[in-house]
Amino acid sequence: MPALFPLFADLKGRTVLVVGGGVVARRKVTALMEAGARVVVGAPQLAEPLAELAQAGRIIHRQGLFEPTWLDDAWLAVAATDDVETNRAVAQAGEARRIWVNVVDDAELSSFQVPARIERGPLQIAISSGGGAPMLARHLRERLETQLDESLGALAELLTRSRERIRERVPDLQARRRFFDRVLAGPVPGLLRRGAHVEAERALDDALAESPARSSAGRVALVGAGPGDAGLLTLRALRLLNEADVILHDRLVSPQVLALARRDAELIEVGKQAGGHSVQQQRIHELMLEHARAGRHVVRLKGGDSFVFGRGGEELEFLHAHGVAFEVVPGITAALACGAYAGIPLTHREHAQSVRFVTAHCKGDAKDELDWANLAAERQTLAVYMGVGGLDGFRRKLIAHGRAASTPFALVENGSRPEQRVIIGTLADLAETAAEHAVQSPALLIVGEVAALAHSLHWFGAAPLSGSPVRYAQAA
């Protein structure tokens, strides 16, 4: 079933037909009356609460069995009977007249769903499962009810009353977004929570009196997106994604993370492929500068952490040289996330007293400058950010410099994502095992005694895989 399009309908003064006169129909009628609809209830008989509403003239009762002509003046219809054939007849008649029909507890017959709602004055939050799991939607509503303060209703009313003067004072859309960010992060919400309504309105007036130019300057935030699981984002990262005008994101940032961004933000993929890195990095610099100078709030969204093999330092140096304001939000880097989600502690009192983060990717054509003798030392963990292209050479150099061929390894592919795979083996068979399982980027290599713990401590996704390739024989 395709995703539903969320829609808040203005039903004030518009006719809505409810077919059915029992308890379920009463709940629907109450919600429709609160929305200002002209409610018509069609049923042979009405339960007492509905009968009282009809007698008071607050709803219209059409007595009898459903007839398609009841829909002639309706904008919406709700079928709330316990008779399947009647409900189907309402749905079919609505389809023929292009009228939206909700059949209670029957998603297949419905052309629209009624969501679970949280109301705070004019502010409404709707939760829908597409009709397939209404109890889940209700469960989430109950949880949110306890988390969302009642003062949000007063805040929505204050901002609604002030809408026109805010638009007049701050006509530019981007500057207006910055104004609201400042107001919502300022004293106004707290004053309303304390019931200080007069003081809250005065604080809003003070914010409006300030120069809109204060919010017009562009800025850049380097944000670490983590390894892919959107639940691993920091709260600061989430807030910036919802404030951003432009998001420059790497190719490997997960769709789940991007889905948390503000809906009207401009998303620009700037993922880098092997080769031509300097040209591509320069283009990223140009895009950051271009959008920041245009007064936009830019999020440079990187997989993992910006400061761990993410070129964040280079980008900050560029921004600093051009006078662009910036901030940095760290993310969970791949070594930490892949180790945790594979059940591999990077340090362990019995196996590893240190951990090294290593990459085989150097700037431009730089020669191999890794300290192989120290990398080959025992009782340490290597977390290698290198993709999967250089595994054979990496294995050979470690063994040649003294690391035992029997040293355990783990390759964590798509760490923290639903499709995560963990491949384990010994250093001697590293390249062959990776080839046997067709390991693809993004993948992190963990080398050290702790990698063997993935077999017993794995908790996320499928159990680790291993291979049985021909044993590696070190060249003489």
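The values are calculated or read from the model by the stated rules, or taken from the named source; none is laboratory data. Please read all numbers here as calculations on a predicted model, not as lab measurements. Counting neighbours? That spans all protein chains shown, and the Cβs are built from the backbone with ideal geometry, glycine included.
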### Message
What's the total number of residues in the range 240-261 that are surrounded by 15 or more Cβ atoms within 10 Å (Cβ to Cβ) and either under 24 Å from Ala185 (Cβ atoms) or of a type in the set (A, V, I, L, M) (or both)?
### Response
13
### Message
Which count do you get for residues in the range 439-451 that are modelled with pLDDT of 95 or more and surrounded by fewer than 19 Cβ atoms within 10 Å (Cβ to Cβ)?
### Response
1
### Task
Restrict the check to the range 218-240 and report whether at least one residue is farther than 30 Å from Glu413 by Cβ, part of a helix (DSSP H, G or I) and not charged (D, E, K, R).
no
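So if I check each of Val447, Val439, which one is in contact with a Phe, Trp or Tyr (Cβ under 7 Å, 6 or more places away or on another chain) and among the aliphatic types (A, V, I, L, M)? Walk me through it before giving the result.
On the way: Val439 fails: in contact with a Phe, Trp or Tyr (Cβ under 7 Å, 6 or more places away or on another chain).
Selected residue: Val447, the only one of Val447, Val439 that is in contact with a Phe, Trp or Tyr (Cβ under 7 Å, 6 or more places away or on another chain) and among the aliphatic types (A, V, I, L, M).
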### Summary
Checking Arg58, Arg117, Arg97 in turn, the sole residue that is surrounded by fewer than 18 Cβ atoms within 10 Å (Cβ to Cβ), over 19 Å from Gly13 (Cα atoms) and at pLDDT 95 or above turns out to be Arg97
### Task
Confirm whether Arg88 is of a type in the set (D, E, K, R) and either in a loop (DSSP other than H, G, I, E, B) or surrounded by fewer than 16 Cβ atoms within 10 Å (Cβ to Cβ) (or both).
yes
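Being surrounded by fewer than 13 Cβ atoms within 10 Å (Cβ to Cβ), of a type in the set (A, V, I, L, M) and within 22 Å of Gly130 (Cα to Cα), is that true of even one residue in the range 5-25?
To start, the set of residues in the range 5-25 that are surrounded by fewer than 13 Cβ atoms within 10 Å (Cβ to Cβ) comprises 5-8, 10, 12-13, 23.
Filter once more, so that each one left must be of a type in the set (A, V, I, L, M): 7, 23.
Those left that are additionally within 22 Å of Gly130 (Cα to Cα): 7.
So far as the range 5-25 goes, yes, one or more of its residues are surrounded by fewer than 13 Cβ atoms within 10 Å (Cβ to Cβ), of a type in the set (A, V, I, L, M) and within 22 Å of Gly130 (Cα to Cα).
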### Task
Check the range 70-82 and report whether any residue there is under 29 Å from Ile118 (Cβ atoms), polar (S, T, N, Q), in a helix (DSSP H, G or I) and touching a residue at least 60 places away in the same chain (Cβ under 8 Å).
no
## Note on the structure
The residue from Ala47, Ala51 that alone is touching a Gly at 6+ places or on another chain (Cβ under 7 Å) and among the small types (Gly, Ala, Ser) is Ala47
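Please verify whether the range 124-139 includes one or more residues that are in the same structural domain as Glu34 (by TED's automatic domain parsing), closer than 20 Å to Ala35 by Cα and either at pLDDT 95 or above or small (Gly, Ala, Ser) (or both). Spell out the reasoning first.
Quick first cut of the range 124-139, residues in the same structural domain as Glu34 (by TED's automatic domain parsing) only: none.
No, every residue in the range 124-139 fails to be in the same structural domain as Glu34 (by TED's automatic domain parsing), closer than 20 Å to Ala35 by Cα and either at pLDDT 95 or above or small (Gly, Ala, Ser) (or both).
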